Structures are given as C-alpha cells and as structure tokens.
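Note sheet for the following structure.
The values are calculated or read from the model by the stated rules, or taken from the named source; none is laboratory data. On a predicted model such as this, the values are computed, not experimentally measured, just so you know. The area values use the complete protein model at the heavy-atom level, side chains included, leaving out ligands, DNA and RNA. Shrake-Rupley method; radii C 1.70, N 1.55, O 1.52, S 1.80 Å.
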Amino acid sequence: RLDFEREWSEANAKAALATWDLRPREPLTPTESLDVAEAAVVASDPRAPQWVERLARTDPLDALALEARWLSDHGRPADAAAALEKALVGYRTDPWASRLVMRRALDLAIAIAPTDRGIAQRMLELMTQPFALEMLRDYRLYAGVSILKTLGDARECRRVLEPFEPYTRWSEWDLTYRRDCYRATGDPRAAIADADLSRFLLE
C-alpha cells in the first residue's frame, strides 16, 4: 500500500498500478478508492470505469470528474463535457470533494474548450459561479480567462476580469490582457490598466 501511494504521489500512474497488481485487492478506504480510480484513469487502464463506478458510491463528484477525464482521453469530448458540467455544478454546494481532483477538473475544462465552441461557452459560464466555501476561487476565475481566450470574444473579457479588480494578478500576461481588454471595450479603467502594465515593466 505504501509503495502504491508513493508512486502515485509522484504522478507515476502506471508504476503505481503495477505495484497495486503485485497484490491485487479491492480498495479499503475512500482515499484508496479515489487514488486507485484516478491512477487507472490517468494510465488509461481498462479497469478504470469499474473503479470509478465504485468510487461513485461514496464520492460522486470525484467520480464524475474522473469519468469526464476518461471520456475526454478516449475521444468523446461532448460526453466528457456533460459529465464535467455535473461535477462543476455539484462543487457549488458540496465542500467535500477532493481539491486535487477539483483542480484537475478545472484543467480539463480548459483542455476541452477548444474542441467545440458550444462546449467552450458552457465551460465559461460554469467558471462564473463560485464553488462551496469559495474553494479554488482564483484558479476557477483564471480558468474562465483561459477559456475565454479560446472563444476570442472581447465583449466577455470584462466579465471574467471584474472579480479581480482592483487587485489583478501581477504578471505581464495578466496585465497585458487586462489592458487590451479594457482598450477594446472602451472601459474607463483602460488608463489605470495601462499604467499598471507600464509600472510592472519598469519594475
């Protein structure tokens, strides 16, 4: 068990499952159920669906997020988006889902957005609603910014930037995107955004 957890903690999914198979058995705890299921999904192990189904008995949102990853990895982005949407909506009221799986679910939303404009629009809307206890707030909001880049709709950029004002992330990319957004949309904060970017570059 320790060898399996060590390999999985280092993101060695196939090595973790190989260790598990030295003495195969059913997972004994909720954490073990989650780790085995996720390792199997990441490794594209054919047993992944059955382990995800088992996980759903105790952690349905984690199971939905892993199901979405499995479907995406197997060329089914529309089905992946449907499962992911259920998970992301569930995060708004359930504070008990794994934060690591939640974060990877947001990464998946960014990854599948370019596959279809309709999917991208749905994922963007999902990023506008907070999760329970404001978990992963900034990561969720920045996922929205990344998805919006896929859509290329300047009219929406103010909506995804608004929650960060006036303390936007202090990086060249973020400050440049903010300035360009406000310039393109005629936002009165364009001058402030331009000054902030200039100050960052000078510093």
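Summary table
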| quantity | calculated |
| --- | --- |
| For the chain, Kirkwood radius (reciprocal of mean inverse C-alpha pair distance, Å) | 18.5 |
| Computed helical MRE - 222 nm, the chain, DSSP H runs ≥ 4 contributing -39500 (n - 2.57), nearest 500 | -20500 deg cm²/dmol |
| Rounded accessible area per residue of the chain, 1.4 Å, Å² | 54 |
